């Protein structure tokens with residue numbers, strides 16, 4: 001039933017209302033924290049949108065296959081731009097495209113040799129290599145570049161008048177420099193650590209200059225995630241795609257009376273928020289009515305159905321017996337509660353007190369008939385307990 005609801009008319013309407021149809025069909029709203037793929041929540045499940053689109057048009061995705069974007073646009077949900085491939089093939093294609101993309105605009109290698117037709121070797125992955133440097137390295141004439149030399153060779157310190165040192169190599173989908181040195185994926189984090197030491201686990205790096213591909217340590221500061229989000233919202237960098245919209249996904253206009261701005265989360269539609277709150281309250285009321293009806297039905301059965309009443313009592317006794325056997329503290333607590341309850345009952349109810357006395361007399365009479373030495377054993381036990 002859940003799978004059917006994920007692809008019903010209502011879910012499809014919500015989905016396609018958030019797509020901009022062009023050469024690529026681009027997802028316009030929520031994105032994943034990592035990977036920058038679009039996401040949507042349907043039937044309380046968070047789904048990657050290009051997988052939803054593929055299943056909607058072509059059916060289930062076979063085991064051990066992933067969806068590759070032939071157009072290399074992670075926000076595209078156009079079905080003929082999607083292909084189900086193995087993970088190995090997807091990684092190979094991504095590596096080839098990444099290597100080609102980050103070197104396409106380079107005219108010289110890191111040591112200044114021009115990428116001419118005679119001086120360029122294209123690797124199987126699609127990346128270019130300088131033949132002069134390769135020959136010199138093989139001959140032992142030059143040493144391999146250090147990590148720092150490789151890093152700073154990809155930084156342009158003169159491109160910005162604001163003192164930004166701009167990363168010129170690969171960028172993440174979010175616009176940050178990507179380097180992959182010493183396990184790091186973000187260039188500005190590596191640059192910060194070289195100047196200031198390790199970054200605490202509970203902090204992130206904020207760009208004071210608001211330029212995402214800047215790696216100047218003087219423009220970087222370690223702050224909490226909350227502070228980083230607050231600064232981004234204050235600078236107007238958060239939710240830039242959403243600010244251009246005039247209506248919410250359900251068609252309600254963003255005006256002064258129907259809009260509120262949440263802390264660091266952008267605009268919210270008041271009509272939709274009130275609808276969600278009304279639905280939540282209705283669910284709570286329905287749940288309360290259901291629980292009340294169940295309780296009444298149980299009480300009626302306890303009154304009118306002796307078999308049901310005996311089963312409930314037997315189940316309760318077994319559960320209590322098991323709980324007391326496993327938990328000495330609970331056992332002692334139950335005994336203390338029973339003693340206190342019986343004492344209050346005897347003091348307040350003469351009939352109950354008389355019934356208890358009669359029960360004890362009958363009990364002792366039965367025990368004495370079974371064991372003539374019952375009283376002697378009881379006295380010995382009481383003396384032992386008294387000691």
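What the table below lists for this structure:
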quantity: Single residue of the range 113-142 satisfying the filter (in a strand (DSSP E or B) and either modelled with pLDDT under 75 or in the same structural domain as residue 88 (by TED's automatic domain parsing) (or both)) that is surrounded by the fewest Cβ atoms within 10 Å (Cβ to Cβ); calculated: 122
quantity: Any hit, the range 259-276, residues being surrounded by 12 or more Cβ atoms within 10 Å (Cβ to Cβ), in a loop (DSSP other than H, G, I, E, B), modelled with pLDDT under 85 and not assigned by TED's automatic domain parsing to the domain that holds residue 28; calculated: yes
quantity: Filtered residues of the range 69-80 (kept if more than 15 Å from residue 47 (Cβ to Cβ) and buried (at least 20 other Cβ atoms within 10 Å of the Cβ)); calculated: 69, 76, 78
quantity: Members of the range 65-81 that are more than 21 Å from residue 172 (Cα to Cα) and part of a strand (DSSP E or B); calculated: 65
quantity: Any hit, the range 144-158, residues being modelled with pLDDT under 75 and surrounded by fewer than 16 Cβ atoms within 10 Å (Cβ to Cβ); calculated: yes
quantity: Considering residues of the range 331-373 that are surrounded by 10 or more Cβ atoms within 10 Å (Cβ to Cβ) and part of a loop (DSSP other than H, G, I, E, B) only, the residue farthest from the chain's Cα centre (by Cα); calculated: 371
quantity: Test for residue 311: is it in the same structural domain as residue 337 (by TED's automatic domain parsing), over 23 Å from residue 337 (Cα atoms) and over 35 Å from the mean Cα position of the chain (by Cα); calculated: yes
quantity: Qualifying residue in the range 370-382 (condition: under 23 Å from residue 321 (Cβ atoms) and not assigned by TED's automatic domain parsing to the domain that holds residue 324); calculated: no
quantity: Meets criteria (at pLDDT 65 or above and under 25 Å from residue 172 (Cβ atoms)) for residue 90; calculated: yes
quantity: Inter-residue pairs, beta-carbon under 7 Å, first on the phi > 0 side of the Ramachandran plot and in the range 160-181, second buried (at least 16 other Cβ atoms within 10 Å of the Cβ) and in a loop (DSSP other than H, G, I, E, B), 6+ apart; calculated: 163/216; 175/212; 175/213
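The values are calculated or read from the model by the stated rules, or taken from the named source; none is laboratory data. Given the structure is predicted, the values throughout are model-derived calculations rather than measurements. Cβ sites come from the backbone with ideal geometry, for glycine too, and all protein chains shown count toward neighbours.
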